[in-house]
Amino acid sequence: MSILLSNISKNFGQFAALHNVNLEIPEGELVALLGPSGCGKTTLLRIIAGLEAPDEGQVLLNGEDKTAEHVSHRGIGFVFQHYALFRHMTVFDNVAFGLRVKPKKERPSEAVIAKKVQSLLELVQLGWLADRFPDQLSGGQRQRIALARALAVEPNVLLLDEPFGALDASVRKDLRQWLRNLHQELHVTSIFVTHDQEEAMEVASQVVVLNQGQIEQQGAPAEIYDHPANAFVSKFIGQTNILNLEQNDMAWLVSAGISADNRHGAVAHIRPHNIDLEKASMSSDSPILLKDWQHLGATIRIELFNSQVKGGNSSLFAEMPNERFKQLNLNRGDKVVVNIKQAHWFN
Amino acid sequence: MKQSRIMPGFKPALSFTLVYLVLIVLIPLSTLVFKSLQLNFDDYLAIITNERIIASFRVSFVTSFIASIVAGVFGFIIAWVLVRYSFSGKRLLDAVIDLPFALPTAVAGVVLATIYQPSGFLGRWLMDNFGVKVAYTPLGIVVALIFIGIPFVVRTVEPVLQEFDTTMEEAASSLGASRLVIFNKVIFPNIFPALLTGISLAFARGVGEYGSVIFIAGNLPYISEIVPLLIITKLEQYDYAGATAIALTMLVISFVLLLLINLLQLWARRRSGQN
Amino acid sequence: MHTLVDAHGQASRSALNDPKWVRVTLTSIAVGFIVLFLCAPLVLVLYQAFSKGLDAYIHALSDPDALAAVRLTLLVAVATVPLNTVFGIAAAWAITRFDFRGKSLLTTLIDLPFSVSPVISGLIFVLMFGAQGWFGEWLLAHDTKVIFATPGIILATIFITFPFVARELIPLMQEMGFEEEEAALSLGASGWKTFFLVTLPNIKWALLYGVLLCNARAMGEFGAVSVVSGHIRGLTNTLPLHIEVSYNEYDVIGAFASASILAGLAIVTLILKSFLEWKQGKG
């Protein structure tokens, strides 16, 4: 089901949680609503679900205006941040709940329900837990049961509020992969909220970046990473070196071969991996020295030091594969020449 | 908590709540105000400044005050023992604390009167050994009100004592403080606001208490006659104006005292850095 | 709760240890106080009730006035408890599930009956429905009695026990939040189904606890009922009033036999309370 939000605004007292948000989500996508805490992403998700009513604007599902439709009739599946599993029911009864509360006419027989619940539990690979209570499950298991429960009513849209937020790092990694695979299998339009940019980039087919109640950028992960629409997105997604030209940082760019003619704004954002190094000859007049480095696994992070910069940033980070770093054969204190492959310019 | 507009049932739940509240509580209570408005101020003063009535106010408030302080001391010790120490039968004792909540006041009244009357088993013992007469004196009222007040203190102090961060004690101990200093400087300041709440609850309950008191009090005018009893006496004489004037005065004094106690609590809480 | 004591009753964290003499002294004071002040009265009720033997006890309880008092007490509880239970649930639902202006005032007002003396609680109903009261003449004209009759006793009892259920539910439901209820609604459940299938199972122990306290107080209320009842034997005497009348007539067995019933009720209440707290603690 496609989702269209037009001119959504929502205030909590004096606080404007969302301001004039427009968003279109095509059928079958797996979308991440990404932003810092308090940016309005959860509120937006709850408005799509019908758990919250917008002050202004409309929610259209498949082209139909559902703004006034109650959550129980919207045909959405919602996975809550802390799962909201019914504590007093077994896993089986939790998953069966949505089917059992259907009006008599639409309600499947207990046999059909049992079959369906079992197949959903198989889908989330937890068939053996049917008789347990939520308290007896691990966080990752609860998460998957919550998902199975939401899927039981065959929702047109699956909405997940910080689905991995409350989990250990290792479990989170596994579940991300698993959610992605599940989405490929089911193809139900899905939206999840996260504040973790890595998670959004890894899982989603589309990323929507929110900040202070407004959408900053929407696009595929690669597009957002390679072409950030503004300084906020560039800073929020991935690592970046920020050079403010009004603060004497110009020295960096000049030494990296970017002259005043090549400037396209007042602030340059440079990803660490867009900085390449050469070992400078002893006679070179490059002011940049290698200060230190850290192994990050497959890549090396290198901290550079510019002896000409007074005030502002005197250090810069570059990142490169281990192989390349070995080839360079650099030591602490070596003089280097910097080559900036790409920079994003903002005003 | 965030508002949830999708939750069903707001209007029926709130309407029923309000209607029921108005019918059962607010309208009946307002009769007290309207009835007393029918009195002119001089009449009101004449009723209230009657010597016997002033004496009853003194009896009610003084006995409640003493009883709530005593209940505070023993309640604190009981709460401390129940939280900090371990001994067999502790759970049973803990359950018994609520007895004054659960036992109807009339039962408490006749039992206490029987125990402390001159021929009762504690009454005789106290009389023979200390020459103290409990039943049918203000002391009897105090005893009954301690009985009524004790669970208020224990049940407000107990949870705070349980939640108390004992690493603070260990920190103080590591800094060289003695056990007594730790209690005075670390534990008590943190528990004090809760203790004050418990004492004020016991006090407020004591002022209005009727059933457990009248059997043991002896109800001698000027000496051991409490305000609630005087209200009933007025009613039995069909003196509605008198009953109302006394009741209203008592309510107002109680509320003013509670307000003062709340301010005191606020102050105690501020001083110990809580909220 | 911090565990300060290990399985052998030894304080395991030495800095938290009180000296032995302090522990012994304080424990003795606490135990002595509880036994002498709280347990002794309970024992004495039974001792007095059976002091003239089982036959006298049974005879006292089969007295028609005593039986009438038992019946009236049960009637009052049956009329009071369900009403206040429904009110408690409705109030807790409105207060914990929604935001509205005046919410904290409403919460305060619900507790109001607790800070009013029982005698005054009775008085206000006399002022409303008594012969000189607001509705006195109207009631007289329609030949209906509220004061010195069962309706007055029930009204005063409802007032006295008004906050019990709401007070138990409000903090619990506040703490619970409403994610589970939102989950049920998002799965298509109706409001009633959400309440009965999700809310009620989560609050049942606290609800039962509130009902229990409400019931104990409804059956045992003395001051308020004493004002509105008129002490008509066999007609408007509840059990607590019957105790008073018997006691004042030096009918010790009669008074304590009736008292033993209410003391039994108190013991049952305490046992159930401990059980419910244990249940609730277990989740």
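The values are calculated or read from the model by the stated rules, or taken from the named source; none is laboratory data. Since the model is a prediction, treat every value here as computed from it, not as a measurement. Methodologically, a virtual Cβ is constructed for each residue, glycine included, from the backbone with ideal geometry; neighbour enumeration extends over all protein chains shown. SASA here: full protein model, heavy atoms, side chains in, ligands and nucleic acids out. Shrake-Rupley method; radii C 1.70, N 1.55, O 1.52, S 1.80 Å.
Residues in segment B:198-206: is at least one among the aliphatic types (A, V, I, L, M), more than 11 Å from chain C (Cβ to nearest Cβ) and in contact (Cβ under 8 Å) with a residue 40 or more places away in the chain?
Pass one, segment B:198-206, residues among the aliphatic types (A, V, I, L, M): B:199, B:201-202, B:204.
Still in the list and also more than 11 Å from chain C (Cβ to nearest Cβ): B:199, B:202.
Keeping just the survivors that are in contact (Cβ under 8 Å) with a residue 40 or more places away in the chain gives B:199, B:202.
Yes, segment B:198-206 has at least one match.
Can B:LEU82 be described as assigned to a helix (DSSP H, G or I) and facing chain C (nearest Cβ under 8 Å)? Break it down stepwise before answering.
Details: assigned to a helix (DSSP H, G or I): yes; facing chain C (nearest Cβ under 8 Å): yes.
Spelling it out, B:LEU82 is indeed assigned to a helix (DSSP H, G or I) and facing chain C (nearest Cβ under 8 Å).
Looking at (1) part of a helix (DSSP H, G or I); (2) at pLDDT below 90, which is the only condition C:ALA218 fails?
(2)
Kindly check whether there is at least one residue in segment B:138-160 that is within 10 Å of chain C (Cβ to nearest Cβ) and part of a loop (DSSP other than H, G, I, E, B).
Looking for residues that are within 10 Å of chain C (Cβ to nearest Cβ) and part of a loop (DSSP other than H, G, I, E, B), one finds none in segment B:138-160, hence no.
Among the residues of segment A:72-91, count how many are crowded, with 16+ Cβ neighbours inside 10 Å, part of a helix (DSSP H, G or I) and in contact with a Lys or Arg (Cβ under 9 Å, 6 or more places away or on another chain).
1
In segment C:63-88, what residues are touching a Ser or Thr at 6+ places or on another chain (Cβ under 9 Å) and either closer than 17 Å to B:LEU14 by Cβ or open to solvent by less than 30 Å² (accessible area, probe 1.4 Å) (or both)?
Hits for segment C:63-88 are C:ALA66, C:ALA69, C:LEU72, C:THR73, C:VAL76, C:ALA77, C:THR80, C:VAL81, C:ASN84, C:PHE87.
Counting just the residues of segment C:149-198 that are touching a residue at least 12 places away in the same chain (Cβ under 8 Å) and part of a loop (DSSP other than H, G, I, E, B), which one comes out surrounded by the fewest Cβ atoms within 10 Å (Cβ to Cβ)?
Out of the qualifying residues, it is C:ALA149.
Out of B:VAL142, B:VAL132, B:VAL181, which single residue is surrounded by 23 or more Cβ atoms within 10 Å (Cβ to Cβ) and β-branched (Val, Ile, Thr)?
Residue meeting the stated conditions: B:VAL142.
Let me spell it out: the conditions are (1) open to solvent by less than 70 Å² (accessible area, probe 1.4 Å); (2) closer than 19 Å to B:VAL107 by Cα, and C:TYR47 meets all of them except one. Which number is the exception?
(1) is the only condition that C:TYR47 fails.
Quick one: which residue in A:VAL71, A:VAL101 is more than 30 Å from A:ALA200 (Cα to Cα), in contact with a helix residue (DSSP H, G or I) (Cβ under 7 Å, 6 or more places away or on another chain) and without any contact (Cβ under 8 Å) to a residue 40 or more places away in the chain?
Values: A:VAL71 fails: more than 30 Å from A:ALA200 (Cα to Cα).
Selected residue: A:VAL101, the only one of A:VAL71, A:VAL101 that is more than 30 Å from A:ALA200 (Cα to Cα), in contact with a helix residue (DSSP H, G or I) (Cβ under 7 Å, 6 or more places away or on another chain) and without any contact (Cβ under 8 Å) to a residue 40 or more places away in the chain.
State all residues of segment B:15-25 that are facing chain C (nearest Cβ under 7 Å) and under 19 Å from C:PRO151 (Cα atoms); if no residue qualifies, say none.
Once the filter is applied, which keeps residues that are facing chain C (nearest Cβ under 7 Å) and under 19 Å from C:PRO151 (Cα atoms), segment B:15-25 yields B:TYR20, B:LEU21, B:ILE24, B:VAL25.
Limited to segment A:158-184, what total is found for residues that are assigned to a loop (DSSP other than H, G, I, E, B), over 18 Å from A:ILE48 (Cβ atoms) and not charged (D, E, K, R)?
4
State all residues of segment B:103-120 that are at the interface with chain C (Cβ under 8 Å from one of its Cβ atoms) and surrounded by fewer than 24 Cβ atoms within 10 Å (Cβ to Cβ); if no residue qualifies, say none.
Across segment B:103-120, the qualifying residue is only B:ILE115.
Among the residues of segment A:117-137, which ones are within 30 Å of the chain's Cα centre (by Cα) and in a loop (DSSP other than H, G, I, E, B)?
Passing the criteria: A:VAL124, A:GLN125, A:LEU126, A:LEU137.
Suppose the filter is charged (D, E, K, R), surrounded by fewer than 18 Cβ atoms within 10 Å (Cβ to Cβ) and more than 12 Å from every other protein chain (Cβ to nearest Cβ); does A:ASP135 pass it?
no
If you check A:GLY265 against the conditions, is it open to solvent by less than 70 Å² (accessible area, probe 1.4 Å) and out of contact with any strand residue (DSSP E or B) (no Cβ under 9 Å at 6 or more places or on another chain)?
No, not satisfied.
With respect to B:LEU235, is the statement that it is more than 30 Å from B:LEU37 (Cα to Cα) and part of a helix (DSSP H, G or I) true? Steps first, please.
Numbers: more than 30 Å from B:LEU37 (Cα to Cα): no; part of a helix (DSSP H, G or I): yes.
Against the criterion (more than 30 Å from B:LEU37 (Cα to Cα) and part of a helix (DSSP H, G or I)), B:LEU235 does not qualify.
From the list C:PHE114, C:PHE129, exactly one residue is more than 8 Å from every other protein chain (Cβ to nearest Cβ) and open to solvent by 50 Å² or more (accessible area, probe 1.4 Å). Which is it?
On the way: C:PHE129 fails: open to solvent by 50 Å² or more (accessible area, probe 1.4 Å).
So the residue among C:PHE114, C:PHE129 that is more than 8 Å from every other protein chain (Cβ to nearest Cβ) and open to solvent by 50 Å² or more (accessible area, probe 1.4 Å) is C:PHE114.
Could you identify the single residue in A:ARG107, A:ARG180, A:ARG100, A:ARG149 that is open to solvent by 70 Å² or more (accessible area, probe 1.4 Å), touching a strand residue (DSSP E or B) at 6+ places or on another chain (Cβ under 9 Å) and of a type in the set (Lys, Arg)?
Working: A:ARG107 fails: touching a strand residue (DSSP E or B) at 6+ places or on another chain (Cβ under 9 Å); A:ARG100 fails: touching a strand residue (DSSP E or B) at 6+ places or on another chain (Cβ under 9 Å); A:ARG149 fails: open to solvent by 70 Å² or more (accessible area, probe 1.4 Å).
After ruling out the rest, the residue left standing is A:ARG180.
Taking the criterion of being at the interface with chain C (Cβ under 7 Å from one of its Cβ atoms) and without any contact (Cβ under 8 Å) to a residue 40 or more places away in the chain, would at least one residue in segment B:45-56 satisfy it?
Looking for residues that are at the interface with chain C (Cβ under 7 Å from one of its Cβ atoms) and without any contact (Cβ under 8 Å) to a residue 40 or more places away in the chain, one finds none in segment B:45-56, hence no.
Determine, yes or no, whether B:VAL186 is aliphatic (A, V, I, L, M), free of Cβ contacts under 8 Å to residues at least 40 places away in the same chain and open to solvent by 60 Å² or more (accessible area, probe 1.4 Å). Step through it out loud before you land on a result.
Working: aliphatic (A, V, I, L, M): yes; free of Cβ contacts under 8 Å to residues at least 40 places away in the same chain: yes; open to solvent by 60 Å² or more (accessible area, probe 1.4 Å): no.
So B:VAL186 does not fit the description; no.
Scan segment B:227-244 and report the pairs whose first residue is more than 10 Å from every other protein chain (Cβ to nearest Cβ) and whose second residue is in a helix (DSSP H, G or I), with Cβ atoms within less than 8 Å and a gap of 6+ or a chain change.
Filtered contacts from segment B:227-244: B:GLY242/B:ILE47; B:GLY242/B:LYS234.
Which of the residues that make up segment C:221-238 are touching a Gly at 6+ places or on another chain (Cβ under 8 Å) and either farther than 14 Å from B:THR105 by Cβ or not in a loop (DSSP other than H, G, I, E, B) (or both)?
Across segment C:221-238, the qualifying residues are C:GLY223, C:ALA224, C:VAL225, C:SER226, C:VAL227, C:VAL228, C:SER229, C:THR236.
Select from segment C:83-99 the residues that are touching a helix residue (DSSP H, G or I) at 6+ places or on another chain (Cβ under 9 Å) and at the interface with another protein chain (Cβ under 7 Å from one of its Cβ atoms) and list them in ascending order.
Result: C:PHE87, C:ALA90, C:ALA91, C:TRP93, C:ALA94, C:ARG97, C:PHE98.
Just checking, how many residues over segment B:208-226 are assigned to a helix (DSSP H, G or I) and either under 18 Å from C:VAL225 (Cα atoms) or without any contact (Cβ under 8 Å) to a residue 12 or more places away in the chain (or both)?
So in segment B:208-226, the residues assigned to a helix (DSSP H, G or I) come out as B:208, B:211-217.
Adding the requirement that they be either under 18 Å from C:VAL225 (Cα atoms) or without any contact (Cβ under 8 Å) to a residue 12 or more places away in the chain (or both) leaves B:208, B:211-215.
The qualifying residues number 6.
Among the candidates C:GLY264, C:GLY254, single out the residue that is within 12 Å of chain B (Cβ to nearest Cβ), farther than 16 Å from C:THR157 by Cβ and crowded, with 17+ Cβ neighbours inside 10 Å.
When all the criteria are applied, what remains is C:GLY254.
Hey, among C:GLY234, C:GLY210, C:GLY230, which residue is open to solvent by 10 Å² or more (accessible area, probe 1.4 Å), away from chain B (no Cβ under 12 Å) and within 30 Å of C:PHE129 (Cβ to Cβ)?
C:GLY234
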